[in-house]
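For reference, the structure is listed below as structure tokens.
What follows is calculated from the coordinates using simple rules that are stated; it is not laboratory data. Only a predicted model underlies this, so the values are computations on that prediction, with no experimental measurement involved. Backbone-built Cβ (ideal geometry, glycine too); neighbour counts: all protein chains shown.
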Number of protein chains: 2
Amino acid sequence: MVETAAVKTYGSIEEVINELAARFGERLSVAHSVRERFGKDESFHPSSPPDAVVTVLSADEVQDVVSTCARYKVPVIPYGTGTALEGQVCALYGGICINLQEMNQVLEVHAEDLDVVVQPGVTRKQLNTHLRDSGLFFPIDPGANASIGGMAACRASGTNAVRYGTMRENVLALTVVLADGRIIKTSRRAKKSAAGYDLTRLFVGSEGTLGVITEITLRLYGIPEAITSAVCTFADVASAVNTVIATIQYGIPIARMELLDESMIDGVNRYSKTEFEIAPTLFLEFHGSEQYATEQAETVQGIAEEFGGGNFKWTGNTEERNRLWQARHDAAYAAKAMRPNGTIWSTDVCVPISRLADCITETQEDIKANNLLAPIAGHVGDGNFHLAFVVDHEDKEEVKRAEAVHERMVMRALAMGGTCTGEHGIGYGKIDFLVAEHGEAVSVMRTLKQALDPDNIMNPGKVLRV
Amino acid sequence: MVETAAVKTYGSIEEVINELAARFGERLSVAHSVRERFGKDESFHPSSPPDAVVTVLSADEVQDVVSTCARYKVPVIPYGTGTALEGQVCALYGGICINLQEMNQVLEVHAEDLDVVVQPGVTRKQLNTHLRDSGLFFPIDPGANASIGGMAACRASGTNAVRYGTMRENVLALTVVLADGRIIKTSRRAKKSAAGYDLTRLFVGSEGTLGVITEITLRLYGIPEAITSAVCTFADVASAVNTVIATIQYGIPIARMELLDESMIDGVNRYSKTEFEIAPTLFLEFHGSEQYATEQAETVQGIAEEFGGGNFKWTGNTEERNRLWQARHDAAYAAKAMRPNGTIWSTDVCVPISRLADCITETQEDIKANNLLAPIAGHVGDGNFHLAFVVDHEDKEEVKRAEAVHERMVMRALAMGGTCTGEHGIGYGKIDFLVAEHGEAVSVMRTLKQALDPDNIMNPGKVLRV
């Protein structure tokens, strides 16, 4: 589906590498194995190796790399942990990969203000380990242990977004190196501001195509006094989704609300050695005071029962809870393990919640009709769900059927007022769907890109075509 | 403080008026009184009348006006209710005012999805009246009964923002007429999306300088089962603010948390015939189930007592509650009434909450040292507070002192990591402070403006200098 992008002439990579080698010494690598690794994310997209990988230690060093690349008009691809899912780190036109993994310091924790300033290479788990003694936590949790810089760049979210929002709501400010080497700070630590254009939100989700993020200020939250998890099974997806809709309309600030379909539950049981009933299942979590977490769980149990939900099991026990959510976070690996030599193609859409049951059910029917294995798990409180195709990539005919099911799912979501991706981003895997979704607005995105990066050196070929 | 902007040559206003008169008939007015009215907001900024006012009924008509103005390079100023506070509707360079007040239809209510689609002229009170029977509400409440279009354009917030966020978090999608007459839709109804640049957030807060908003999709919320309000007095501002900090750290999802200083309480008592104790006072509101609203109020009462808060009075009674919040919303009018012939100059800043007590206290001392009347009220849960200077605008020396106090307050807020405006916006009143706050990032804003509006016809002279 992705047409070949027009060739664009970039400048002399040899001269850039020579200059950067003189500046960065052993922190620049042109080794084949290194380039292969940094040219690939966790998706099925093949590696597109950069010409060199530079490991940077500071914003000034990022500025040096970008300025050098700008002078020679050579592409720049920022790299966090490589856990993206739509080819965001692939060096489609070669160029210099900026490895930000060593910029991994938590710089400032402001406990009273509930914010933290971090470097882009800090991972979400590292941040929460760092915060543990402060009684604070950072909620956004994509499945992988992604870097905060990458999460900001790709507007990540995860299981907690229904309560705490996505990176869009939780990034307060960014420091960004622009395509011309300038460094700007997009905002300040104040919780809100009406001062000028919202540059923070412009860079959040821009996937490295407008600049390289070198510092992030994030919102934090107090660790709740009580956390209760629950599992509940349903006769069908519609009943589970109706429970979700009623819960949200009721105003219950549910912290997590995850749907796994029968196929995904089967995979999870096998991979994580759990014994969940094979049925559409909601994994739930409630945050609050002891009393309020219990009240929420009781209310949702009542709602679930109205929709035929059964087998409602709660736990306040930390170990059981962690096992439950680890099983959920490992769902993609569980799906992969369902088929020997299967590779995973993970994709997501997001629709208005009133259309969610239809969107999932029609997609399940399409999967079945096409004899594919594609378990579903979703952050259903947001109307967002994932499909994990488990395909044999050697079987071209099967891949073609999967592509067709995928395209129909995305077009179905768009027809329902939804988006082609709730949290994985566009990369180059969904670049055509962006146009299907936004129409004329894509030309406005292009105008912004051209204004900020006229030579198109920042992660070219992602989000927008070259 | 506002330097005279460079003169820019715009095109022939006569020809534009002739064309638009032929198209809009009596819906175009060049009457002096009409132009005066539409060239002025609620602030102290004097009227800058547009050359004509056109009342539009549809996005297509907005497109016609903008396209005509674009052809002649004549300024376009969108107008909602005229309740802005930094001169956002002043026609500094003349041009055509687009009156959006008649585009006041609530187009679609999606109760299951908790969203609504409205035209820009719908006011916040009109929307909530429309929604009442659905059990839903829209929480954002600037003091005035502003239009939703204006609220989106100026990134408004209000007393509920501490729980429900600002317009930034509550606008899901916009339809916008661009400077060249194109109409785009910035996003879809899905609750979250990682599909491309965040155009929605770019237009939210752009104050009409990037386009004219013609349709808004908003998030809605279920009306809580129980609403409890409370009032509590403190010995000093620091104790009140410490109560706020502890409440938020505790994770209590408090719905409103408003501070009024002694001076403001005095004004409110006189204007609204209330009998509050003259002391730094918190007005609080709790939303939830009966049980949880009570639990929250009890917990906060406990916290307040730790900081010497006394006289804690609750009410769940709707009438008493409405009286309390009407008094709070009328605070600006109360301040004005404190001095015969006084005019109000209302301004706001927002700082990290750890610095809020210092920022308010130092500002109060400066007000006192300069013999000014300037009561303070604040959305302190967000670190945001307002100063309402009550000045005699004929007394040039007093105005000068007020300007100096104002400038010191803004620079104090910036030095504390804050912003020059939490919710009033930049307009042209704070155009220099934008530069003080954002530095080099302002040049990025300018680049975006030039890319989208190369002839600078969209509300010129606001946010950025011409």
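Share of antiparallel DSSP beta bridges in the protein assembly as shown, in percent to the nearest 5?
Counting only bridges with both partners in the protein assembly as shown, antiparallel ones make up about 85 percent.
I need A:L107, A:L210, B:L114 ordered by Cβ neighbour count within 10 Å, fewest first.
Result, fewest neighbours first: A:L107, B:L114, A:L210.
Quick one: if the Förster radius is 56 Å, what FRET efficiency do A:S47 and B:V466 give, using the C-beta to C-beta distance and rounding to 0.05?
It comes to 0.70.
Report the FRET efficiency, 1/(1 + (r/R0)^6), for B:R323 and B:E277, where r is their Cβ-Cβ distance and R0 is 22 Å, rounded to 0.05.
That gives a FRET efficiency of 0.85.
Take every residue in peptide A:419-426, count the Cβ atoms of other chains within 10 Å of its Cβ, and give the average of those counts.
If you average over the peptide's residues, the count of other-chain Cβ atoms is 5.
Can you work out the FRET efficiency for the pair A:R339 and A:A21, with r the C-beta to C-beta distance and R0 = 51 Å, to the nearest 0.05?
The value I calculate is 0.70.
Which is farthest toward the positive dipole end of the stretch A:398-456 among A:V405, A:T421, A:A436, measuring Cα position about the Cα centre, with Cβ charges +1 (Lys, Arg) and -1 (Asp, Glu)?
A:V405
In whole Å, what are the Cα extents of chain A along the three principal axes, biggest one first?
That works out to 67, 57, 41 Å along the principal axes.
Treat the count of other C-beta atoms within 10 Å as a stand-in for reagent exposure and order A:K430, A:K185, B:K396 from fewest to most.
B:K396, A:K185, A:K430
Can you give the average number of partner chain beta-carbon atoms within 10 Å of each beta-carbon in peptide A:442-451, as a whole number?
Going residue by residue through A:442-451 and averaging, the value is 5.
Given a cut-off of under 8 Å on Cα pairs at least six residues apart, what relative contact order in percent is computed for chain A?
It rounds to 16 percent for chain A.
Would you mind calculating the relative contact order of the stretch A:1-145 from Cα pairs under 8 angstrom and at least 6 residues apart, reporting the percent as a whole number?
21
Dipole of the stretch A:189-330, Cα-centred, from +1 at each Lys and Arg C-beta and -1 at each Asp and Glu C-beta, to the nearest 20 debye?
700
Could you please tell me the mean projected area of the C-alpha convex hull for the stretch B:226-332, averaged over all directions and given in square nanometres to one decimal?
With every direction weighted equally, the projected area is 5.9 nm².
What is the antiparallel percent of DSSP beta bridges lying wholly in chain B, to the nearest 5?
The antiparallel proportion sits near 85 percent.
Based on the mean of other beta carbon atoms within 10 Å per residue, what is the order of A:340-349, A:309-318, most packed first?
Descending packing order for the listed peptides: A:340-349, A:309-318.
Take the residue pairs A:K185/B:K449; A:K192/B:K273; A:K191/B:K191; B:K192/B:K430 and return only those whose Cα atoms are more than 23 Å apart.
A:K192/B:K273; B:K192/B:K430
What's the magnitude of the charge dipole for chain A around its Cα centre, counting Lys and Arg as +1 and Asp and Glu as -1 at the beta-carbon? Answer in Debye, nearest 20.
900
Over the stretch B:372-444, what is the mean sequence separation of C-alpha contacts under 8 Å (at least six apart), divided by residue count, expressed as relative contact order in percent?
In percent, rounded to a whole number, it is 18.
From the phi angles alone, apply the Karplus equation (6.51, -1.76, 1.60; θ = phi - 60°) to the stretch A:426-431 and give each ³J(HN,Hα) in whole Hz, x where the residue is Gly or Pro.
Going residue by residue, I get 9, x, 10, x, 10, 5 Hz, with x marking Gly and Pro.
For the stretch B:89-113 and the stretch B:354-408, what is the separation of their Cα centres, given in Å?
Measuring centre to centre over Cα atoms gives 33 Å.
Among A:R323, B:R132, which comes first, second and so on when ranked by fewest other beta-carbon atoms within 10 Å?
With the sparsest Cβ surroundings first, the list reads B:R132, A:R323.
Rounded to the nearest 20 debye, what is the charge dipole size of the stretch B:338-425 about its Cα centre when +1 sits on each Lys and Arg Cβ and -1 on each Asp and Glu Cβ?
It comes to approximately 120 debye.
Whole angstrom only: what separates the Cα centroid of the stretch A:141-220 from the Cα centroid of the stretch A:443-466?
Value for the Cα centre distance between the two parts: 18 Å.
What does the charge count near B:E225 come to, summing +1 for each Lys or Arg and -1 for each Asp or Glu among other residues with Cβ under 12 Å from its Cβ?
-2
Divide by every residue of chain A the summed helix terms, -39500 (n - 2.57) for each DSSP H run of at least 4, and state the resulting mean residue ellipticity at 222 nm, rounded to the nearest 500 deg cm²/dmol.
It lands at -11000 deg cm²/dmol.
From the residues B:Y250, B:Y271, B:S229, which one has its Cα farthest along the dipole of the stretch B:226-332 in the positive direction, the dipole being from +1 and -1 charges on Cβ of Lys/Arg and Asp/Glu about the Cα centre?
B:Y271
Can you list the aspartates and glutamates whose alpha carbon is less than 17 Å from that of A:K40, not counting same-chain residues fewer than 8 positions off?
Partners within reach: A:D51, A:E86, A:E207.
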